[in-house]
Every structure is written in structure tokens, then in C-alpha cells.
Amino acid sequence: MGRIISIANQKGGVGKTTTTINLATALSSVGKKVLIIDLDPQSNASSGLGLDENQRNKTIYELLISKSFNEKYIHTTLIPNLDIIPASMDLAGAEIELVDQKDRESFLKTVVSQIKNYDNIIVDCPPALGLLTINGLVACNSVIIPLQCEFFALEGLSSLIATIDSIRNSFNEKIEIQGIVLTMYDTRNTLSSLVEKDVRSHLGNKVYTTVIPRNVRVSEAPSHGKPVLLYDTNCLGSRAYINLAKEVINQQNK
């Protein structure tokens, strides 16, 4: 089994799913075999890769509830080497259905342990620190945290780091913060540069050198069911995600 990376942030709208889709696409473009697990009931990673409603009749929800893996739940995408286990709104019910179950925080780990033949499994966690996100953190080797360049960015980050520390102490001693990626960076105002300076001063080399710019093409791509790397290969957003993938690969090769 390959390296399992959860993309997590309890705040919505920070570029979490966009990072999941485009990082996975960039990794697959250099020959990595990549699987996305869409763990968000909003299923944006699924729709962002062009899966329609009919293709979402077999989802991660059924695998979680049964604690078993079936290859029929893996869907291929337009991108060679990139597959996905999609989500649907049914997944919202899993929070309630799992709450009274024994080892409820480890259901995804049990499923993922049965998946073979991938270099990377990337889990797109929902924007909340609930049971689904906890399952994503218990199942992974490392966490990448997208952080929007805004005033309150560090406040939410401290809660997530505390949760990761708790997961490490109780359920998953191998979990680490692989990196923090600054998203929606706007060179036209000073706030982005101030947030960047603040985050780097607190977290040092945990922050990726690459920053993801605020870019219209990145925002447009999901409505076409494509990663921005396919929608507009040469735009600033695409080049940024290619550079981020290079940093991630360098980390894995150390």
C-alpha cells in the first residue's frame, strides 16, 4: 500500500478539494498511480473530476458502513493513473450511524488497509472536525493542510493541529503534518504577504515554498468537471500545483 495523505482543514472554502484534485492530477502525470477517496458529503472532488450522479451509485459510504473494500467502487477518471472512490450526500448519515459503533474512528483505516497497487491515496476530508475527518486522520500517514491567506487563518489552524496531536497520541502514532500550503494568494494586496509572513514565522519549514495564487481559471475548472491542469495547463494556478507536486515528491523521496 502506498502513502496515504489526508487533505484537511475544518474551515470551508480554503481550496481543500481543489488541492486534492490538482495535486493528485500532477502526481499522476509523472507516473504515480493515485487514488482519491472523496470523504466529503458535498462530493465536490467527485463532480470536479467529471463524475455524474449515475456514476455515484457506489460510494465510500457503503464501504465505510461495511468496513470492507470492493474494487467495483473505484471509478476511473479522464486522467491516466488517477482513480476515485466517489462520495454522495448519503455520507452525511455516516456521522450518525457510526457514532455508537465500536472503533468508529478506524472504519476508513480498515477499508484503506485492503486497497493495493497505488503509490498515493489522497483523502479529501470534509470541512469539519467531525467523525469523518477523524477517520481520515486515523487512516493516513500524513496531512496536508490548505490554508487560505486571510486574517483568521492561524486561529483555525491551531484547532486542527491540536486534533492531529490527539489523533497521534490515541489512534495513529505515525501521523505527521506533511506540509501547509498557502492558497488563494493575492499579490494585489498586502494581506496575503502579511499572512504568509506570519504563518512562516510560526511554522517554518512546515510551510511549502509554493503558494497557490487566486486564479480565475482555477475557479472555473470544476464547473467543467476537470482539474485546472487539464482545463488550462499554462495558467498560474496549474503551474503552482505542478510545483507543489514536485515538493511533495521530494518529501516522499527523502
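Data table
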{"read-out": "Qualifying residue in the stretch 188-198 (condition: in contact with a Phe, Trp or Tyr (Cβ under 8 Å, 6 or more places away or on another chain), in contact (Cβ under 8 Å) with a residue 12 or more places away in the chain, crowded, with 18+ Cβ neighbours inside 10 Å and assigned to a helix (DSSP H, G or I))", "value": "yes"}
{"read-out": "Extreme residue, nearest to residue 212 (Cα to Cα), among residues of the stretch 16-55 that are of a type in the set (Val, Ile, Thr) and surrounded by 24 or more Cβ atoms within 10 Å (Cβ to Cβ)", "value": "18"}
{"read-out": "Any hit, the stretch 231-244, residues being assigned to a helix (DSSP H, G or I), out of contact with any helix residue (DSSP H, G or I) (no Cβ under 7 Å at 6 or more places or on another chain) and buried (at least 20 other Cβ atoms within 10 Å of the Cβ)", "value": "yes"}
{"read-out": "Residue identified as under 19 Å from residue 17 (Cβ atoms) and at pLDDT below 95 among 91, 108, 82, 137", "value": "91"}
{"read-out": "Checking residue 13 against (1) of a type in the set (Gly, Ala, Ser); (2) part of a helix (DSSP H, G or I); (3) surrounded by fewer than 22 Cβ atoms within 10 Å (Cβ to Cβ), the condition it does not meet", "value": "(2)"}
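Every residue, every condition in (1) of a type in the set (A, V, I, L, M, F, W, C); (2) in contact (Cβ under 8 Å) with a residue 12 or more places away in the chain; (3) more than 24 Å from residue 94 (Cβ to Cβ), yes or no:
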residue: 3; (1), (2), (3): no, yes, yes
residue: 9; (1), (2), (3): no, yes, no
residue: 17; (1), (2), (3): no, yes, no
residue: 22; (1), (2), (3): no, yes, yes
residue: 26; (1), (2), (3): yes, yes, yes
residue: 31; (1), (2), (3): no, yes, yes
residue: 37; (1), (2), (3): yes, yes, no
residue: 42; (1), (2), (3): no, yes, no
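The values are calculated or read from the model by the stated rules, or taken from the named source; none is laboratory data. These numbers were taken from a predicted model, which means no experiment stands behind them. Using ideal geometry, Cβ is built from the backbone for each residue, glycine included, and neighbour counts are taken over all protein chains shown.
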